[in-house]
Amino acid sequence: RSMHDLYSAEIEKDVYKYSSPVRAMSWSPSGNYLAITANSSTLSIWNTRNWMHHTLPTDMDTLTSLSWSPDSKLLAVTDDQTLQILAVRHGSLHYQPDGVGSSSNNSALWSPNGNYLALASSDGSLNILDTSDPRDIRLLNTYKNIPANKDEVLLSWSPDSSLIAVNARHMIQVRATSTGNVATSLGPPESDPIAMSWSPTGSGIATANGDSRVQLWDQETGKLLADYDITDDSSASITDLAWSPDGRYLGATTTSGKVYFWDIQQRQSRPFTSYNAIEPA
């Protein structure tokens, strides 16, 4: 779809009405599956070609995050203390590491090249699993010295998978995947980021800090590249960020229920379009 198709914000499919709040969802890179978990330990896997679904009960507590492998064969799921990797096609447990994920607020994210899986916890630890051989997944690195933001752990990979960004206290740390060394630190020191997203082109990292502003940072120098603002609705707070696949458009959801888009090529601080969601996003 083009950006013009988004203006009407039409509902294409009402999938299902869950009895409890949806906790996490993730579309498979192939586009054929949509994984959803409500406030439970059960996964719903929807086939997006016919919208039939099956459930995958787990022996975990309430699931907190979902992340697909780039080939859409494996799904990483976390609860407050555990990481499991499921083989979706067979509905079976593929891998569960020992001694990884022992603190609350776990967040898992697969690297774009499929060779790594990152797991972060609110105790300040960041674990990198080597998943280049799905038959021999192993722990590559564990870093313990990340000043943790206790509210939520955020992760974002560089497009080439050589770097990973994780939120620390009052900043974003960009770390080398292979060594764990801090390549650079970025972000405004006055507040903690509540959302971040790496541009698909690798040109920068967008962050939001719970107000009406979005900032774009150079991941190599840590310098501020652009400062965006939802000037027509300054009382609203930005809740999440998402890039278009070509890296040209940056979208933001807000507490007011509006969704905003900026055209990065235009270098303008104001969004070029917005539309009303059904309810606050």
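The values are calculated or read from the model by the stated rules, or taken from the named source; none is laboratory data. These numbers were taken from a predicted model, which means no experiment stands behind them. Positions of Cβ are backbone-derived with ideal geometry, glycine not excepted, and every protein chain shown enters the neighbour counts. Heavy atoms of the whole protein, side chains included, go into the accessibility calculation; ligands, DNA and RNA do not. Shrake-Rupley method; radii C 1.70, N 1.55, O 1.52, S 1.80 Å.
In the chain, carbon and sulfur make up what percent of the accessible area (probe 1.4 Å)?
Heavy-atom surface of the chain belonging to carbon and sulfur, 1.4 Å probe: 45 percent.
Note that the range 27-34 has calculated 3J(HN,Hα) couplings of 8, 5, x, 6, x, 8, 9, 10 Hz, one per residue in order, obtained from phi through the Karplus relation 6.51 cos²θ - 1.76 cosθ + 1.60 (θ = phi - 60°); glycine and proline are x. Entry note, the chain: relative contact order of 8 percent, from Cα contacts under 8 Å with a spacing of 6+ residues. Sequence-ordered 3J(HN,Hα) estimates for the range 268-273 from the Karplus curve with 6.51, -1.76 and 1.60 and θ = phi - 60° stand at 9, 6, 8, x, 8, 7 Hz, glycine and proline given as x.
Counting heavy atoms of the protein chains alone, Asp160 has an accessible area of about 100 Å² for a 1.4 Å probe. Between the amide H of Val153 and any residue lying 5 or more places away or on another chain, no distance stays under 5 Å, with hydrogens modeled in the peptide plane. Cross-link pairs exceeding 32 Å in C-alpha to C-alpha distance, out of Lys73/Lys144; Lys223/Lys258; Lys73/Lys223, comprise Lys73/Lys223.
How much accessible area per residue does the chain have, in Å², with a 1.4 Å probe?
Working: 14020 Å² over 281 residues.
Roughly 50 Å² per residue, with all protein chains present.
Can you compute the FRET efficiency between Arg270 and Asp246 using 1/(1 + (r/R0)^6), with r the Cβ-Cβ distance and R0 = 25 Å? Round to the nearest 0.05.
Numbers: r = 21 Å, r/R0 = 0.84.
That gives a FRET efficiency of 0.75.
Each residue of the chain gets 129 Å³ once the volume of the Cα convex hull is shared out per residue.
3J(HN,Hα) along the range 42-49: 9, 9, 9, 10, 9, 7, 7, 7 Hz, from the Karplus curve 6.51 cos²θ - 1.76 cosθ + 1.60 with θ = phi - 60°, whole Hz, x for Gly and Pro.
Most tightly packed first, judged by the mean number of other beta-carbon atoms within 10 Å of their residues, the peptides 35-45, 132-142, 53-63 read 35-45, 53-63, 132-142. Comparing His94, Thr184, Pro57 along the charge dipole axis of the chain, the residue lying farthest to the positive side is His94, per the Cβ-charge model. With a simple spin-label model that places each label point 7 Å from the Cα along the Cα-to-Cβ direction, the separation between Arg89 and Ser72 comes to 1.2 nm.
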